[in-house]
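To keep things clear, I will list the structure first and then write my remarks on it.
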Amino acid sequence: MIDPNIWIAFGSWYHIILDISLLLSIYLFFKLPKEKRANSTYWLPFLILCHFVVYQNFGAYTNYNFEFKKAVNAYLGNTENPKFNLWLYNITERQILTVLYLFLIRSWLEPSMKKYINWMIYSFVVIALILQITKVELMYTEQPVIFALGANMILIACGLYFIGLITNEKYLVSNPLRLLSFWTTTFLLFNYSLTYVSSVSLLYLYRVNPVLGKSLFQIGRVMGVINISALVLLIASAFLTKLFDREPLYESGR
Amino acid sequence: MNPADNQIYIIIFSTLFLGGLMSTFVVAMVFIHRQRQAQNRQKMDQMRAEFEKTIRNVEHEIHQETLTQVGRELHDNIGQLLSLTKLNLNSPKPEKQTEGREYLDKIIKEVRALSKTLNLDWLESVSLDDFIRQQLEKIQSTGFCQTALESDGSYLELSKDQKLVLIRVIQECLNNAIKHAQPDRIDIRIAKNNQSRRIEIQDDGAGFDPSKASTGSGMFNLKKRMETIGGKFYLTSEVGKGTHITLELPF
C-alpha cells in the first residue's frame, strides 16, 4: 500500500503541474531533429526545466523523508532546525538556477552584451562561494545576500535584453509579442521582482505572520509554474512556428 | 499598529511597488520598441530608395559612357574601316576588291560587338576581372600609360547591383587618373583577407590634396556609392606622389 505521506509530499497541484511539464518537455525535446537538440536555444531551456523539476521533487522528498533531511542538516552543522530544507533551495534555486537563467538570457543577447553576463556569472559564483566558505551566509539557513545578488543580476540581465530589444536592428524588425524570449524575460522579471522582498524576509514572515508568509510563498509557486510553462514553450517553439517567431539572434550552428 | 504589522505592510507594499514598476517598465519598453520600429522602417525605406536611385544613376552613367565609347568607335574605327572599304571596292583591281570585302566582314563583326554594348546585358556575362582587364587594355592600347592587373579572383561572385556599382566606381577612378593625374603606370590588385575582399588602384601620377573641397565631392560620391552596396572606399594621395584607392567589400 502506498504511504499517504507520499501523496502529501508529492501530490500538490504545484508538483503535479511540474511533473507533467517535465514529461511534456522530454517528449518535445526528443521529437526535435538532432541538429536542433544540439542548439542551446532548445537544450538550455530543457536543462533548466529538468533541473527545476528535479530539485522541486527532491525538496518534496526531503519533506517526506524527515530522517534524510535531518541527517543532511546535521552534516551541515544545523541541529537546531532539522525541519529546514533551505540548504537544497539555496544551492539549486538561489545559486545554480540563477546561473542557468543568466546563461539563458545571455543566449538572447547580441555578442557585445554577452560579456556583461559573463562577468556577472563569474562574480556571482565567486561571491557566493566566498560568502559560504567564510560562513557569512550559512548553507542551511536563509541566504538573503546571495539571493539579492542573484535576483539583481537577473533583473540587470533582463534590462540588458530589453535594451537589445529597442536597439538591435534584428529585434527592431521583429514583433516582440511573438518572441518567446520576450515573454520568458518578462516572466523572469516579474518572478524576481514579486518574490524579491518576500524571499529576502522569508523566515521573518513565517515567524511573524505565517498566513501571509504562505500566501507570498504561493506567489512564488505561481510565478514558478508560469516560468516553467515559458520554458516548455521555448522547447516547443520549433513546432509552433505559426504562433511564435524564430529568435532574431538564432544561430543554427550554436 | 505594532512594529511587526508595520513591517508586514512594508513587505506587501514593496512587493506591489516592485511588481507595478516592472509592469510599467515592460509596457514602456514595448512602446519604445514600437516607436523605434517605425523609425527604423522609415530609415530602411529611405535607404532602399537611395540605393535604387544610386543603381539607376549608375546604370545611366554606364549607358552614357558606353554611348561615348560607341561614338568614338564609330568615328575612329568603323568610320576609318568604311572609308578604306569604299576605296578598295571602287578600285578596279580584283585583289583590292577582295581586300574591301574582307574589310566589310570586319566591319560587320565590329558593329555586332558594338551593338552588344548598347544595352547593359553584357554586364551579366562579363566578370569584374574581365571588365577591369578590358579597361586596362584599352588604356594601354592608346599608349597613355602602362597598366597591370593582379587578381586572386575574389570578386568573381557578385550580385548584379554590386557589380554595376563596382564597375562604375572603377571606371570613374580610372577616368580620374587619366584626366587629372597623367600617370606612367596604373596598377590594380584584387585580393582578399578573412573578412573582406579588396580592389586596390594605384597610379604614380600627379596626385592631389584630398582635403581640398574641389576634389572632395567626387570622392564623396564614390564613397557613398560603395556604402550603398555595403562596401568602403579609402583614398590616399599626395601631390607628386600618385594616388592609392582601396575598394573594400565584405563577404
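The values are calculated or read from the model by the stated rules, or taken from the named source; none is laboratory data. In this text, all values refer to a predicted model and were calculated from it rather than measured experimentally. All Cβ positions, glycine included, derive from the backbone under ideal geometry; neighbour counts span all protein chains shown.
If B:Glu157 satisfies all but one of (1) assigned to a loop (DSSP other than H, G, I, E, B); (2) touching a Leu at 6+ places or on another chain (Cβ under 9 Å); (3) of a type outside the set (S, T, N, Q), what's the number of the condition it fails?
The single condition B:Glu157 does not satisfy is (2).
Within region B:26-46, is even one residue more than 8 Å from every other protein chain (Cβ to nearest Cβ), more than 29 Å from A:Glu169 (Cα to Cα) and either among the hydrophobic types (A, V, I, L, M, F, W, C) or without any contact (Cβ under 8 Å) to a residue 40 or more places away in the chain (or both)?
The answer is no, given that none of the residues of region B:26-46 is more than 8 Å from every other protein chain (Cβ to nearest Cβ), more than 29 Å from A:Glu169 (Cα to Cα) and either among the hydrophobic types (A, V, I, L, M, F, W, C) or without any contact (Cβ under 8 Å) to a residue 40 or more places away in the chain (or both).
So which of A:Phe103, A:Phe52, A:Phe66, A:Phe58 is modelled with pLDDT of 90 or more and surrounded by fewer than 16 Cβ atoms within 10 Å (Cβ to Cβ)? Write out each step before concluding.
Working: A:Phe103 fails: surrounded by fewer than 16 Cβ atoms within 10 Å (Cβ to Cβ); A:Phe52 fails: surrounded by fewer than 16 Cβ atoms within 10 Å (Cβ to Cβ); A:Phe66 fails: modelled with pLDDT of 90 or more.
Only one candidate passes the filter, namely A:Phe58.
Of the numbered conditions (1) under 14 Å from A:Leu249 (Cα atoms); (2) more than 17 Å from the chain's Cα centre (by Cα); (3) more than 8 Å from chain B (Cβ to nearest Cβ); (4) not charged (D, E, K, R), A:Leu180 fails exactly one; give the number of that condition.
With respect to (1) under 14 Å from A:Leu249 (Cα atoms); (2) more than 17 Å from the chain's Cα centre (by Cα); (3) more than 8 Å from chain B (Cβ to nearest Cβ); (4) not charged (D, E, K, R), A:Leu180 is out only on (2).
Filter region B:228-248 down to residues that are among the polar types (S, T, N, Q), closer than 18 Å to B:Gly207 by Cα and under 16 Å from the mean Cα position of the chain (by Cα), then give me how many there are. Spell out the reasoning first.
Step one: filter region B:228-248 for residues among the polar types (S, T, N, Q), giving B:228, B:236-237, B:243, B:246.
Then keep just the ones that are closer than 18 Å to B:Gly207 by Cα; that gives B:236-237, B:243, B:246.
If we keep only those that are under 16 Å from the mean Cα position of the chain (by Cα) too, we end up with B:246.
Result for region B:228-248: 1.
Based on this model, can you work out whether A:Thr195 counts as touching a Gly at 6+ places or on another chain (Cβ under 6 Å), without any contact (Cβ under 8 Å) to a residue 60 or more places away in the chain and under 27 Å from A:Asp19 (Cα atoms)? Outline the logic, then answer.
Working: touching a Gly at 6+ places or on another chain (Cβ under 6 Å): yes; without any contact (Cβ under 8 Å) to a residue 60 or more places away in the chain: yes; under 27 Å from A:Asp19 (Cα atoms): yes.
It is true that A:Thr195 is touching a Gly at 6+ places or on another chain (Cβ under 6 Å), without any contact (Cβ under 8 Å) to a residue 60 or more places away in the chain and under 27 Å from A:Asp19 (Cα atoms).
If you go through region B:80-134 one residue at a time, how many are loosely packed, with under 11 Cβ neighbours inside 10 Å and not in a helix (DSSP H, G or I)?
Counting residues in region B:80-134 that are loosely packed, with under 11 Cβ neighbours inside 10 Å and not in a helix (DSSP H, G or I) gives 4.
Name the residues in region A:193-231 that are crowded, with 19+ Cβ neighbours inside 10 Å, among the aliphatic types (A, V, I, L, M) and within 11 Å of chain B (Cβ to nearest Cβ), would you?
Within region A:193-231, A:Leu194, A:Val197, A:Val200, A:Leu202, A:Leu205, A:Leu216 qualify.
Confirm whether A:Leu149 is among the hydrophobic types (A, V, I, L, M, F, W, C) and within 14 Å of chain B (Cβ to nearest Cβ). Spell out how you get there, then give the answer.
Numbers: among the hydrophobic types (A, V, I, L, M, F, W, C): yes; within 14 Å of chain B (Cβ to nearest Cβ): no.
For A:Leu149, the condition - among the hydrophobic types (A, V, I, L, M, F, W, C) and within 14 Å of chain B (Cβ to nearest Cβ) - is not met.
Could you please find all residues in region A:217-251 being free of Cβ contacts under 8 Å to residues at least 40 places away in the same chain, of a type in the set (Val, Ile, Thr) and farther than 30 Å from A:Val200 by Cβ?
Of everything in region A:217-251, just one residue is free of Cβ contacts under 8 Å to residues at least 40 places away in the same chain, of a type in the set (Val, Ile, Thr) and farther than 30 Å from A:Val200 by Cβ, namely A:Thr241.
Residues being exposed (fewer than 14 other Cβ atoms within 10 Å of the Cβ) and farther than 15 Å from B:Gln171 by Cα: count how many of those fall in region B:53-62.
Of the residues in region B:53-62, 2 are exposed (fewer than 14 other Cβ atoms within 10 Å of the Cβ) and farther than 15 Å from B:Gln171 by Cα.
Name the residues in region A:77-89 that are surrounded by 15 or more Cβ atoms within 10 Å (Cβ to Cβ) and either under 11 Å from A:Tyr55 (Cβ atoms) or touching a residue at least 60 places away in the same chain (Cβ under 8 Å) (or both), would you? Before you say what the answer is, go through the steps one by one.
Taking region A:77-89 as the starting set, the residues that turn out to be surrounded by 15 or more Cβ atoms within 10 Å (Cβ to Cβ) are A:78, A:82, A:84-89.
Within region A:77-89, A:Asn78, A:Asn85, A:Leu88, A:Tyr89 qualify.
Going by the conditions given, is B:Glu65 in a helix (DSSP H, G or I), surrounded by 15 or more Cβ atoms within 10 Å (Cβ to Cβ) and either more than 24 Å from the chain's Cα centre (by Cα) or among the β-branched types (Val, Ile, Thr) (or both)? Reasoning before the result, please.
Values: in a helix (DSSP H, G or I): yes; surrounded by 15 or more Cβ atoms within 10 Å (Cβ to Cβ): yes; either more than 24 Å from the chain's Cα centre (by Cα) or among the β-branched types (Val, Ile, Thr) (or both): no.
In short, no.
From the list A:Thr98, A:Thr62, which one is within 16 Å of the chain's Cα centre (by Cα), closer than 30 Å to A:Ile6 by Cα and touching a residue at least 12 places away in the same chain (Cβ under 8 Å)?
Unique residue meeting the criteria: A:Thr98.
Kindly establish whether B:Glu50 is surrounded by 15 or more Cβ atoms within 10 Å (Cβ to Cβ) and either within 14 Å of another protein chain (Cβ to nearest Cβ) or touching a residue at least 60 places away in the same chain (Cβ under 8 Å) (or both). Explain how you work it out, then say what you get.
Numbers: surrounded by 15 or more Cβ atoms within 10 Å (Cβ to Cβ): no; either within 14 Å of another protein chain (Cβ to nearest Cβ) or touching a residue at least 60 places away in the same chain (Cβ under 8 Å) (or both): yes.
No; evaluated as a whole, the condition is false for this residue.
Taking the conditions exactly as written (on the phi < 0 side of the Ramachandran plot, in contact with a Leu (Cβ under 7 Å, 6 or more places away or on another chain), facing chain A (nearest Cβ under 10 Å) and not basic (Lys, Arg)), does B:Thr15 satisfy them or not? Don't jump to the end; show me each part of the working.
Values: on the phi < 0 side of the Ramachandran plot: yes; in contact with a Leu (Cβ under 7 Å, 6 or more places away or on another chain): yes; facing chain A (nearest Cβ under 10 Å): yes; not basic (Lys, Arg): yes.
The answer is yes for B:Thr15.
Considering B:Ile62, B:Ile10, B:Ile55, B:Ile78, which residue is out of contact with any Cys (no Cβ under 9 Å at 6 or more places or on another chain) and either within 11 Å of another protein chain (Cβ to nearest Cβ) or within 30 Å of A:Ser215 (Cβ to Cβ) (or both)?
Numbers: B:Ile62 fails: either within 11 Å of another protein chain (Cβ to nearest Cβ) or within 30 Å of A:Ser215 (Cβ to Cβ) (or both); B:Ile55 fails: either within 11 Å of another protein chain (Cβ to nearest Cβ) or within 30 Å of A:Ser215 (Cβ to Cβ) (or both); B:Ile78 fails: either within 11 Å of another protein chain (Cβ to nearest Cβ) or within 30 Å of A:Ser215 (Cβ to Cβ) (or both).
Every option except B:Ile10 fails the conditions.
Residues to consider are B:Ile201, B:Ile178, B:Ile167; find the one that is part of a strand (DSSP E or B) and surrounded by 14 or more Cβ atoms within 10 Å (Cβ to Cβ).
Numbers: B:Ile178 fails: part of a strand (DSSP E or B); B:Ile167 fails: part of a strand (DSSP E or B).
None of the other options fit; the residue is B:Ile201.
Restricted to region B:137-150, and to residues that are modelled with pLDDT under 90 and surrounded by 17 or more Cβ atoms within 10 Å (Cβ to Cβ), which residue is farthest from the chain's Cα centre (by Cα)?
B:Cys145
B:Thr147 versus (1) assigned to a helix (DSSP H, G or I); (2) touching a residue at least 12 places away in the same chain (Cβ under 8 Å); (3) hydroxyl-bearing (Ser, Thr, Tyr): which is the lone unmet condition?
Single failed check for B:Thr147: (1).
Which of the residues belonging to region A:232-246 are more than 14 Å from chain B (Cβ to nearest Cβ) and more than 21 Å from the chain's Cα centre (by Cα)?
Within region A:232-246, the subset more than 14 Å from chain B (Cβ to nearest Cβ) is A:232-244, A:246.
Matches in region A:232-246: A:Ala238, A:Phe239, A:Leu240, A:Thr241, A:Lys242, A:Leu243, A:Phe244, A:Arg246.
Of the residues A:Leu165, A:Leu189, which single one is touching a Cys at 6+ places or on another chain (Cβ under 8 Å) and either at pLDDT 90 or above or more than 14 Å from chain B (Cβ to nearest Cβ) (or both)?
Details: A:Leu165 fails: touching a Cys at 6+ places or on another chain (Cβ under 8 Å).
Of A:Leu165, A:Leu189, the one residue that is touching a Cys at 6+ places or on another chain (Cβ under 8 Å) and either at pLDDT 90 or above or more than 14 Å from chain B (Cβ to nearest Cβ) (or both) is A:Leu189.
Please pick out the residue among A:Ile117, A:Ile127, A:Ile146 that is under 17 Å from the mean Cα position of the chain (by Cα) and under 27 Å from A:Val72 (Cα atoms). Walk me through how you get there before you give the answer.
Numbers: A:Ile117 fails: under 27 Å from A:Val72 (Cα atoms); A:Ile127 fails: under 17 Å from the mean Cα position of the chain (by Cα).
None of the others qualify; the one that does is A:Ile146.
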